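Contents: one structure, followed by commentary.
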Amino acid sequence: MTHLLVLPILIPLGTAIVLLLLRANPMGRRIVIGISGLSILVADIVLLTSIYQKGIHSYQVGGWSAPFGIVMVGDLLSGIMLVLASVISLSALSYSFGYLKKEAQQALFHPLFFFMWAGTNGAFLTGDIFNLFVMFEVMLMSIYALLVMLGEKKQIEAGFKLISMGLFTSALFLAAAGGIYAFAGTLNMADLALKIKPHVDHPLVSAIAMMFIGVFGLKAAMMPFHFWLPDVHSAAPTPISAMLSGILIKVGVYAIIRVFCLIFVDLQGYFQGFILTMACITMFVGALGAVAQTDIKRLLAYSSVSQIGYILMGVGFFTVGGMSAALFYIISHGVIKSSLFLAAGILKKMRGSTEMSDHGDMINTSPAFTTIFFIGVISLGGIPPSGGFFMKFQLIKAGLDGAFYIPVIVAFMVSLMTLFYLFRSWQKICLSGPPQGNPLARPSVKLLIPVGILAMLCLVLGLAASPVSGLTQAAAEQLFSPELYIRAVMGAM
Amino acid sequence: MTSLIFKSITKTVSPILMIFSLYLLLRGHQMPGGGFIAGLMTSAGLVLIYLAYGCDFFDWHKRSRFFYYLFSGGLALSFLTGLAGLFIGGTFLKSGVAHVEMPFIHESWEFASAGIFDIGVYLVVCGVCVSLMTLLGEEE
Amino acid sequence: MIEWIHPALVFFATAALVPFVKGKGKSILLIGFPALAFFSLMLFPDGNYGVFTIGGFEVVFGRVDKLSRVFAYVFTLMGSVGMVYALHVKQKGQHIAALIYGGGALGSIFAGDLLSLFVFWEIMAFSSVFLVWYGGEKSWANGLRYLMVHTFGGLCLLGGIVIFAGQTGSIAFNAIPASGLGGWLILIGFLINAGAPPLHAWLPDAYPVGSITGTIFLSSFTTKTAVYVLARGFAGTEVLMWVGVIMALYGVVYAMLENNIRKLLAYHIISQVGFMVAGIGVGTELAINGAVAHAFAHILYKALLMMGMGSVIFMTGKRKGTELGGLYRTMPLTFGLFMVGGFSISGVPFLSGFISKSMVISGAAAAHYPFVVLLLTLAAAGTFLSTTLKLPYAVFMGEDKGIKAADPPGNMLLGMGLAAFICILLGVMPNLLYQLLPFPVDYHPYTAEHLLGSFQLLLATLLGFTLFLYKLHPENTISVDTDWVYRKGVVWFQQLKNPLQGIKVLRYKDFLQGLTLFSRQVSQRIQSGYLKHALVMIISFVMLSTLLFSLFKGWTLSLDSLMQTDLTLSQLLVFVLIISSTLATVLFKSRIAAVLSLGMTGFFVAFFYVLMGAPDLALTQYLVEAVSVILILLAFYYLPAYFEEKTAPASKMTDIAVSLLVGIVMTFYMLMVMDSHLTKSIASYYLEMSEKLAGGRNVVNVVIVDFRGFDTMFEIAVFSIAALGIFGMLKLNKKKAPIQREAALNGSLKREQIEEAVQREVTSK
Amino acid sequence: MKLLLPVVIGVLFGGGTYLMLKKNILKLVLGLGLISHGANVLLISSGWIGAGAVPILGQDGTEGFVDPVPQALVLTAIVIGFAALAFLLVLAIRVYRDLKTADISEIRGQRG
């Protein structure tokens, strides 16, 4: 049994604890953050390659065999999500040093950040439905704390809205977990899949599945649950906005995929129409909201809602192609959106505002910023040769292959709107004349570097679309043969 | 609330609560109890003191750092217990059990590594509860 | 051994190098590399190069055959010539954009499959928009519109490709049947780039506002790439013939009415591309040869014309025909070179237009489309009228407006000279061009018949122009019986122009503005900002859909088992107590009473735990309840004393409805849960193993710290995180005022915010 | 009369929801408190097959005990719920202090 599988959870958790203890030692904290941040990335990559070569890994925490103890499971989906999480987290982390100037802020920010990271990774790896709840709570509680930490009015307001909605859905999660335990008498997801399979037509199973959609939909900002997102993403401290859009809303999508490709496999058809409808509405509503915005962070936030719609559409096809496209979309969108959010944070640092009308003339002030922002824009707009193009292309291809014409048409319309609002914002910020007020200072290089790295990754994703989509294809195939997962967890049964 | 009766009740009750909570902590594996309950009970005792005597009794807010390190340390303790399982050749959170003959009461008590884990839990619960109290109290 | 260097790669590489060179080196780089690409083309034989397999599709980056080669020649040639003209430009971004744009065009030309075609197609669109944007602030809106149209075209193309590939299973780019959704979408995508009405409006909208040098490239690449792909994919599609004819006439009519000198030329592009599209639509070898040849020639002379007008704008800063005049004295060289282009486009013999345009018309004639021939000839006459006569008359001859000007810098003249040289060269030695054409050429332009016909046409137009000229100068007396045709015609055209312009404006600006307004309204309605609104939506949505999705599967409640009276008195008592204390919490009007009854609810829930055989839980619940009630009471100090509130009846009804829904759904859910224990739970394992394996008799505690210790580990983490968060909220930003003041000093805050910050600072001291 | 337990849960959830939808910020906190009670009761009832002994092992076998697993889950849920409630409470204080209102319907700084 290899311990590799728990490292992505244990390292951040341990780091968070060490950082707590090192409150009075800024230098020590920096060193710890650097070392463990990188080692998480390495561990994630090693884990992904190992999963790719040897198949699904499982790890029985405490040595208690499944389904009695808690089991960590790593399949390709988890592996991909882990690597994505660590790339984005590392950028956000390095950005945070330039963003948070005060020592006291950093002393609080970084432990919370690592707790969040541990919770996220835990959610990706856990094979136990109640443990998933706990991991979600770790993640959410850290988000709540990080969100209101700096105490701006907008943050307090957004935080209050988020936590009210979040606590309600947490209660729902408990209700759903209770129901599923009463029904199947187990909490292990693989075991649940086995136990539920013969009784899948029981109405309780559908009720539970719907509750899970609600619970995970809130995290993913699926349409009627998206109310928190524009407020929260626009108000949060920039590194957290990047994390939220880049990876944390994907945790919700991940959970939906996991649940519907493992426990409720046989309900895929029953919920397909619903998920696709919600996906289309989400796409459209998000894009409408984004077109209306004058604030760049809020625009990006709405855009995330819209993009989640795309991802859910890919998931909702419930075909290997659709799933692979959705995974590719998750990866590219994560990289792109976090780079855009970090870029927006640079604007905020420069003029204390993210209103687009307060900015302008970036092309002369900072060509580097302009380029980075432009790369983000064309990527998100789906312009070749960026990764964004392949993400949309694969999705649409999958939709047409499966003969889902209406979602594809909606996706087309929405992607026009996407281009419109993105380019308009880029033009306003970078091309239009210098804004009123003081002359602009150049953005600091410290902040530009992580953004630049992410932007480069956007391009690399486009150039290396072939291997990446090969990986997502393999992951999707694995997802559609849940018996592999079950066998890896339960052993030969 | 700071009446004399309340103060004197607190004086008697809270030490009992503390001792009882320690008992609950140590016997948690066998009887109802455990880290959570013990931690909460200790906190309840401290809360009583807080209510009866206000901030001054323990110099609460000067000790806010102490409570901070209390829960961080508890967290670290639990985590290290888990890690120990990993290093002694098992998996994370692998527990071990040892039977020790107690010197005076002539009983064989089992000491599980889970007990140490539970002590960590206890520390965290204590630290957090009291931190909350002091934080809210200090706001004045 | 490199088997083949993709010319697009050369362009891209040049673009990458531009930022690092200065002065002479830059000049050499900018002119030399495109020229290098031109010569490298000659070295490689026909064939497919750069074949990869991506995602199961065969992607061909370099398909070299006669058709692609001829376009590549003229593109690389144009790259060099255009760069000569643009050498003086300081903004390296323009050069880079132009090079990437050219590279994109070359890539599209050589793409042997639809996927890579699309990729380069989009590169082209997104690099060219910069050339528009470099035209200055006035061009930004136009550029954005340009981009949107091209994106729309790109999306059509992509959709078409996906559907087409889905149907045929291959993405090879060969002749595509214009049938089925896929084929049509691809065709529409191509035609948008070709500037076919009614999707043409981007062209005269964007080109006239582009940067002076950028427009040269713009007028060369986009539309001609479209001509290439049409020739490749849709040769002989009859509908294209009529589209082409319409384009040819339409462009010319608008060109005649236009006053902005570059806009006039932009309309001309539409007209000329119309000739090519018509040739492709005719589809015979001769006609396609003609279309290709015309594209070749057109790129050069249109660039020449654009350069000429660009030089005029560059030197005078004026863009309108009526503002200019009499420049032939101050800009003689420009005038001369411009006229070469003007005569070429009109098809004057011994210039390049003659040998190509007549070929298209002959092709149509040979294929027996007399009507097409007639209309195209008419368009040719109009071209002569507007470009060769009206424009130079207005700009160079005409009334001397006394504008101070001189010939432009040497490099611009050189660029124009090169282009003019090639125009003449091709006109004199047509075989140079003919041998490049995709099909063997058996065509001799300089027959007596052609020459005569051309001269006749040109002379007739010239005559018309001289008459028409008087119309432009109302002070000259003119006789009614000779000019009324023109006068009526002009009036008619102007009437036609207005509604059409109305449509164009509606399509772009109003649509986008309308979209923005609409979005704002809808979005503000959805995202009203009220927490309550969001909560009502979320809660009722989850509950309703849970209800519906389980209803559709059929409720299977057996009430018999539920009616069993196994309820003890203590259980009944606890239930009643919980319900009543809950209702008390909801209904109490004093906040202390409400909080205490919440505490009571917690205590009764703890009783319930006792009845459920869970002493640990009961203890925990008691303690937690006690601590949280105390916490809430402590918090009272910071919260307002009022608790009761007035609610509008309608709002109250909503509240009651939503909470009833929640209550009912959860009740039914619980009924279902209790009714459906299907399998034996895993509990027995814990009961058996806890003492054996974990050494504990309190199974719940063993589960918590051993079997599910991982949960507990993270649970205490959650606990600590909450404490940290509370710490952050209460401690971290106590000194808030100075931060705000700092921001206020930077000038980024609104006035109220500053006042508030100052106020806060004062009170905090 | 098992029917009563679902009704209890329904009342807890419904009453909590009703309080959440009110204007006063404290009511929202109390409402969420009620809802989390409801969820805990639901969770523990999921192991309820009938009356059973407290799951503390004596000398005689492993029969007749109630299911210990939901108890462990509820314990976790209680603690997490307590943490969240405390956090929410302090956040409510911050809302009142910074946004100068304890009326949820007046908190509307971000819309559209």
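A few notes on this one:
- Scanning the stretch A:439-493 for residues that are buried (at least 21 other Cβ atoms within 10 Å of the Cβ), modelled with pLDDT of 85 or more and under 30 Å from residue A:359 (Cβ atoms) yields A:447, A:448, A:450, A:451, A:454, A:455, A:457, A:458, A:461.
- Scanning the stretch C:651-700 for residues that are at the interface with chain D (Cβ under 7 Å from one of its Cβ atoms), under 30 Å from residue C:533 (Cβ atoms) and in contact with a Pro (Cβ under 9 Å, 6 or more places away or on another chain) yields C:666, C:667, C:670.
- Being within 20 Å of residue C:13 (Cβ to Cβ), within 11 Å of chain A (Cβ to nearest Cβ) and either more than 16 Å from the chain's Cα centre (by Cα) or without any contact (Cβ under 8 Å) to a residue 12 or more places away in the chain (or both) holds for only one residue in C:136, C:107, C:103, and it is C:107.
- Breaking point among (1) open to solvent by 10 Å² or more (accessible area, probe 1.4 Å); (2) touching a residue at least 40 places away in the same chain (Cβ under 8 Å); (3) more than 10 Å from chain C (Cβ to nearest Cβ), for residue A:105: (3)
- All of C:614, C:626, C:635 fail the test of being open to solvent by 10 Å² or more (accessible area, probe 1.4 Å) and assigned by TED's automatic domain parsing to the domain that holds residue C:568, apart from C:626.
- Any chance residue C:421 is at pLDDT below 80 and surrounded by fewer than 24 Cβ atoms within 10 Å (Cβ to Cβ): no
A quick yes/no check of all residues on (1) without any contact (Cβ under 8 Å) to a residue 24 or more places away in the chain; (2) out of contact with any Pro (no Cβ under 9 Å at 6 or more places or on another chain); (3) at the interface with chain C (Cβ under 8 Å from one of its Cβ atoms); (4) of a type in the set (Asp, Glu):
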{"site": "A:351", "(1), (2), (3), (4)": "no, no, yes, no"}
{"site": "A:382", "(1), (2), (3), (4)": "no, yes, no, no"}
{"site": "A:414", "(1), (2), (3), (4)": "no, yes, no, no"}
{"site": "A:419", "(1), (2), (3), (4)": "no, yes, yes, no"}
{"site": "A:427", "(1), (2), (3), (4)": "yes, yes, yes, no"}
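- The stretch C:100-118, subset among the aliphatic types (A, V, I, L, M) and over 17 Å from residue C:223 (Cα atoms), residue surrounded by the most Cβ atoms within 10 Å (Cβ to Cβ): C:114
- Residue C:263 fulfils the conditions (1) crowded, with 24+ Cβ neighbours inside 10 Å; (2) under 26 Å from the mean Cα position of the chain (by Cα) except for a single criterion, (1).
- Elements of type helices (runs of 4 or more DSSP H) in the stretch C:661-736, at least 2 residues being aromatic (Phe, Trp, Tyr) and closer than 24 Å to residue A:65 by Cα: C:683-694, C:709-727
- Residue in the stretch D:85-103 that is farthest from residue D:30 (Cα to Cα), counting only those that are open to solvent by less than 10 Å² (accessible area, probe 1.4 Å) and touching a residue at least 24 places away in the same chain (Cβ under 8 Å): D:95
- Residue within the stretch A:152-163 that is modelled with pLDDT under 95, in contact with a helix residue (DSSP H, G or I) (Cβ under 7 Å, 6 or more places away or on another chain), open to solvent by less than 10 Å² (accessible area, probe 1.4 Å) and outside any helix (DSSP H, G or I) present: no
- Just so you know, in the stretch A:59-82 the residues that are modelled with pLDDT of 90 or more and part of a loop (DSSP other than H, G, I, E, B) include one that is farthest from the chain's Cα centre (by Cα), and it is A:70.
- Members of the stretch C:615-650 that are more than 8 Å from every other protein chain (Cβ to nearest Cβ) and assigned to a helix (DSSP H, G or I): C:618, C:622, C:625, C:629, C:633, C:636, C:649, C:650
- Evaluation of residue C:196 against the conditions (1) outside any helix (DSSP H, G or I); (2) surrounded by fewer than 24 Cβ atoms within 10 Å (Cβ to Cβ) shows that the sole unmet condition is (2).
- Residue A:361 being more than 10 Å from chain C (Cβ to nearest Cβ), charged (D, E, K, R) and either in contact with a Lys or Arg (Cβ under 8 Å, 6 or more places away or on another chain) or in contact (Cβ under 8 Å) with a residue 24 or more places away in the chain (or both): yes
- Filtering C:620, C:667 for residues that are assigned by TED's automatic domain parsing to the domain that holds residue C:586 and out of contact with any Phe, Trp or Tyr (no Cβ under 8 Å at 6 or more places or on another chain) leaves a single hit, C:667.
- Looking only at the stretch A:192-218, and only at residues there that are closer than 22 Å to residue A:60 by Cβ and open to solvent by 10 Å² or more (accessible area, probe 1.4 Å), the one that is farthest from the other protein chains (Cβ to nearest Cβ): A:194
- Scanning the stretch C:297-354 for residues that are of a type outside the set (Ser, Thr, Tyr), touching a His at 6+ places or on another chain (Cβ under 9 Å) and either buried (at least 24 other Cβ atoms within 10 Å of the Cβ) or on the phi > 0 side of the Ramachandran plot (or both) turns up C:302, C:305, C:345, C:353, C:354.
- Comparison of D:4, D:26, D:12, D:30 shows that the only residue that is farther than 22 Å from residue C:667 by Cβ and at the interface with chain C (Cβ under 7 Å from one of its Cβ atoms) is D:26.
- Meets criteria (among the aliphatic types (A, V, I, L, M) and open to solvent by 10 Å² or more (accessible area, probe 1.4 Å)) for residue D:29: no
- Number of the exception - residue D:70 against (1) crowded, with 24+ Cβ neighbours inside 10 Å; (2) modelled with pLDDT under 95; (3) at the interface with chain C (Cβ under 7 Å from one of its Cβ atoms): (3)
- Any chance residue A:33 is open to solvent by 20 Å² or more (accessible area, probe 1.4 Å) and either more than 21 Å from residue C:705 (Cα to Cα) or assigned to a helix (DSSP H, G or I) (or both): no
- Matching residues in the stretch C:199-222 - criterion: being within 18 Å of the chain's Cα centre (by Cα) and assigned to a helix (DSSP H, G or I): C:202, C:203, C:205, C:206, C:207, C:218, C:222
The values are calculated or read from the model by the stated rules, or taken from the named source; none is laboratory data. The structure displayed is predicted, hence computed values, not measured ones. As a convention, Cβ positions derive from the backbone with ideal geometry for all residues, glycine included, and neighbour counts pool all protein chains shown. Heavy atoms of the whole protein, side chains included, go into the accessibility calculation; ligands, DNA and RNA do not. Shrake-Rupley method; radii C 1.70, N 1.55, O 1.52, S 1.80 Å.
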